1. Taking the DSSP beta bridges in chain A as the whole, what percent of them are antiparallel, to the nearest 5?
2. List the chymotrypsin sites (Phe, Trp or Tyr not before Pro) within the range B:145-236 that DSSP assigns to loop and that have no more than 10 neighbouring Cβ atoms inside 10 Å.
3. Once you list every other residue whose beta carbon is under 13 Å from the beta carbon of A:Leu76, what net charge do they have if Lys and Arg are +1 and Asp and Glu are -1?
4. ³J(HN,Hα) across the range C:24-38 via Karplus (A = 6.51, B = -1.76, C = 1.60, θ = phi - 60°), whole Hz, x for Gly/Pro?
5. Got a sec? Charge dipole of the protein assembly as shown, +1 on Cβ for Lys and Arg, -1 for Asp and Glu; which of B:Tyr342, A:Pro132, A:Trp119 is way out at the positive end?
6. Can you put B:Leu358, B:Leu233 in order of accessible area, largest first, using a 1.4 Å probe?
7. Please list, in order along the range B:386-391, the HN-Hα scalar couplings obtained from phi with the Karplus expression 6.51 cos²θ - 1.76 cosθ + 1.60 (θ = phi - 60°), rounded to whole Hz, x for Gly and Pro.
8. Distances in nm, one decimal, shortest first, from A:Asp251 to the same residue in every other copy, taking the label point 7 angstrom along Cα→Cβ.
Amino acid sequence: MHELVERLYPLCRSITGDGVRATLDIVGEYLPLQRHEVPTGTPVLDWTVPQEWNIRDAYIADAAGHRVVDFAASSLHVLGYSVPVSATMPLSELRGHLHTLPEHPSWVPYRTSYYEPRWGFCLAQETLDALPEGEYEVRVDSTLADGHLSYAEHIVPGQVADEVIVSCHVCHPSLANDNLAGVAVATFLARALARERPWYTYRFLFAPGTIGAITWLARNAERIERVRHGLVLACAGDTGSLTYKRSRRGDAGIDRVMAHVLAASGRPHRITEFTPYGYDERQFCSPGFDLGVGSLSRTPYAGYPEYHTSADNPDFVSPEAMADTLAVCREAFSVLDRDRRYRNLSPYGEPQLGRRGLYDAIGGRSDAKQAQMAMLWVLSRSDGDHGLLDIAERSGLPFDTVAAAADALAAAGLIKA
Amino acid sequence: MHELVERLYPLCRSITGDGVRATLDIVGEYLPLQRHEVPTGTPVLDWTVPQEWNIRDAYIADAAGHRVVDFAASSLHVLGYSVPVSATMPLSELRGHLHTLPEHPSWVPYRTSYYEPRWGFCLAQETLDALPEGEYEVRVDSTLADGHLSYAEHIVPGQVADEVIVSCHVCHPSLANDNLAGVAVATFLARALARERPWYTYRFLFAPGTIGAITWLARNAERIERVRHGLVLACAGDTGSLTYKRSRRGDAGIDRVMAHVLAASGRPHRITEFTPYGYDERQFCSPGFDLGVGSLSRTPYAGYPEYHTSADNPDFVSPEAMADTLAVCREAFSVLDRDRRYRNLSPYGEPQLGRRGLYDAIGGRSDAKQAQMAMLWVLSRSDGDHGLLDIAERSGLPFDTVAAAADALAAAGLIKA
Amino acid sequence: MHELVERLYPLCRSITGDGVRATLDIVGEYLPLQRHEVPTGTPVLDWTVPQEWNIRDAYIADAAGHRVVDFAASSLHVLGYSVPVSATMPLSELRGHLHTLPEHPSWVPYRTSYYEPRWGFCLAQETLDALPEGEYEVRVDSTLADGHLSYAEHIVPGQVADEVIVSCHVCHPSLANDNLAGVAVATFLARALARERPWYTYRFLFAPGTIGAITWLARNAERIERVRHGLVLACAGDTGSLTYKRSRRGDAGIDRVMAHVLAASGRPHRITEFTPYGYDERQFCSPGFDLGVGSLSRTPYAGYPEYHTSADNPDFVSPEAMADTLAVCREAFSVLDRDRRYRNLSPYGEPQLGRRGLYDAIGGRSDAKQAQMAMLWVLSRSDGDHGLLDIAERSGLPFDTVAAAADALAAAGLIKA
């Protein structure tokens, strides 16, 4: 995953343009993708697909022609969606177009102006401080023109048409944790699920933030009612502990599964309530859709000083942290996939487990004892109102033990999904 | 307000009689009142309007004709609703008609016998201890005869016919905190609201306790269904911190507003659950009506030693405390008046705030940031089930910020009440 | 009660057979019983009534003919439901049929094999250690043959046909706390209730564990809908504090009553949630029936080292502990019997208690004050949704005070059940 982060890192992504396409090309080497190109001007819910932005070069050069700020060195140096400019001006005039982070003088900030036509540069405060007064040549060789918004999907077919959406934004330029780590975890999660023939159909969505999710929602009205659960992956690779942000519903299936898996795993973690600010859970959880979509991060958005700066580089994300995020996703989806409600078909008194070979003949082994207890719990709670996760939580038994008990009872004809 | 307390203090109020009328005359100088006179014998719910009690003079005089206890000195000296008496008797016989407070020997207690024909005097234990044995002349020059029960209303017209009732009892004689402070706060609250053209219609009720509220309820059957909220004001002027007692429902609008306003204000305060004992919330919250009426006090009834004694005099109530009670009422009614449920008219995805000029272009200012967050919260929660107060509590944002955001969104056509 | 425990202790009970009958004969001396005999092979819910097991003698004798393990000394020495055997074998072969408790070398364990045909002996580890190698004669003179399953009922008729079931298992051999103490408490509880003409009809069930409860449920399908509450008594005599295990519903009437009575009594106690393991609450609370049946124990099943060993003898149960269990049952059923929902017939405003003689004329006495408060609480909460126990808990008043207030109000025609 870290290799994928490193490959994607130099590209200049934005909400539209060739940087997004190049990103999807590389992800496509790991995973077959369905690519979508939506024309500028297409109405999508309350929005309109914007013009496409592409940039070839951008720099500030001093009087000697030396590039003191150069887009080629980092895609962060140019204000996202900068309009083209080609001019010479004194530093005093140029300053109005420069963005720095005085509190972190060696870092370059990340800034955009998607819906307001502006141009600008981002640079280290140190760099700015070193510039002598005088005339500078500024040039942004960009185009903002009708084109397309690009996104991609990968589907892991399941046993049922009900879907789980996994979404990650692909619109941020050279920022590793936000969100190349999320892209990498999503990619490898899709590959892992594809080997398992899951219960749900899993749809992976690689799209620019906000406008990408809105575009997908606008173009998939008929599919949305099949979406049972979802997860937005963002900031998935820093070394902080995991944070799960609940869906707007607060008690959706994914919310209960994530809380259970994180608690049962013993990992330090945080569960936070839904807020209407963050990543694309904002769109999936808007009140008209109100999907059961939560968000998994390590340190959440804006929670670390490197956030939206040049310090969020590939060194900032760790292979172990991404592997840990991936492991939790796999555990969670494994539980989600098996969390079904059964109905006890022999609900009057306990059924005689012994004559069905379900009662451990030997006794005393603690795992056999747990298996028996799990069967009694499944029989007791399978009244149509409680799923296996409820039963695991109520009984304090591991979900796997409860699920195995349910399998045994179902095979014996004692319960039915 | 303190001046009003001082003017009202000497009057001998009871549940009926001229003392109540004189009280309403004085309140009427501050506030136009609708006066009501309900004849003795009128059936009111399970009760009957009692005979009217009036008193001109009452005293105990020693053998020398010296008045050792004199109604003219304090209206508390006579047992409320004392039947007339004119007799001479030894101290030993008189004692059975005397009420003192041995634990506070210099204070005169307040006692009544509304529904049992008795006569009696209340005096300081010190006074009693100083009386030599011997014959005393006792005289209560009172009348208990058919007449009327008096109460008054003041209406502050609102934008809607739905009503908020503010009620305070006017039946206690020379007791300042219980309830002249409540009368004063109610009076000035009505004046303040009248300057504001509120949303709800506010009905102020100045009536004797229990029988007054019961009489109002009996005579306003058709109006009761318009009562949305209510507040009983009592013990509103001592220097203790505020206590809000919830309505019987426990989660009525006024309950949530008061809890929010008190918590948000940072004032020390207490919230207590409903009990069927206290002031006229007992009647408004009786199970047949079950109105959303709570009660605001400072130190609640019977919670201070001066309660129902001559020590509850104008010195016991403070202008600052009354001003503080008034301020909380105004804050609470301001929230109550604006706490409406909106419906997001663009609930699929987030609406594009930017093109409507609702997204702060400058960014970074914390109040602008809060305003944006408030808009996102209002959009997210305005699904018909959540009002602005819910949203303020859920988001942790100030109610005023949330209400301003709702105004802006409503003006932009994005939400509708 | 302790005398009854001592009389029952020597008998060799099992899930069927003459030991159960002899047990019911002795209980029948204290209480008239309806006896039931259900033939082997009768289908009962998912089970079938098993063959009847009877045993006359069982021993292991050494080469000298000396009985080193003798059923006559303790019914625990033989594996419950042992098939007959008569053989001579070396100790090495015999060991496979011997059960000991190495961690308590002087105690004899209790073991059964109800549904697997086996034979075996239980003995102290010390006894086993003292046996020299060599040939031993083993003999179990038992019969496993078609016969009957025996159980008994005692009914205390109530004022209504709605029933409360009190159940205790009678299938354990020489074990005092599990469950002769339960049998003794149930027996004396029935006698106490019979003297009181209770509200509910109380049905006492003395039956073997699991198969007995299942048999009763199978044969009383029409009666089950009349069962309002129930209590399983087990481990009722050790000196530990009381433990109440909630019904599967968790908030059934008996659950709320038991929690209230235990808390109000000030006794140290534990309330545990339902688990599908334990005694016959497993059957009564199976999801098809889901009856409001909890379980009262002192130290719960398997919670003490003497559990299911020869150390659970009559010395292990204390007369005081059984008396305490009995007292709590009586308190609980007394509350249960009186916990009714009333409706306030005068719900608009407070009714005038004074003219009905319900308002204490004297005042000031704290019990009179409590009685008045209880009347106000009953009037306030009697809206059809709250019973007297709810009112006691909400008001913090003793249940008896609330119930007395309800009686007074009902007598005055102010409330109606």
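1. Numbers: 40 of 63 bridges.
Antiparallel bridges: around 65 percent, rounded to the nearest 5.
2. none
3. Values: positive: A:Arg13, A:Arg111; negative: A:Asp70, A:Asp178, A:Glu306, A:Asp312.
Local net charge: -2.
4. 5, 4, 5, 4, x, 6, 9, 7, x, 10, 8, 9, 10, 10, 10
5. B:Tyr342
6. B:Leu358, B:Leu233
7. Once rounded to whole Hz, the list reads 10, x, 5, 5, 3, 5.
8. 1.2, 1.2
The values are calculated or read from the model by the stated rules, or taken from the named source; none is laboratory data. Everything numeric in this text was worked out from a predicted model, so none of it was measured. Neighbour counts are summed over all protein chains in view; Cβ atoms, including those assigned to glycine, are modelled from backbone coordinates with ideal geometry. Keep in mind that these areas ignore ligands, DNA and RNA; they rest on the heavy atoms of the full protein, side chains included. Shrake-Rupley method; radii C 1.70, N 1.55, O 1.52, S 1.80 Å.
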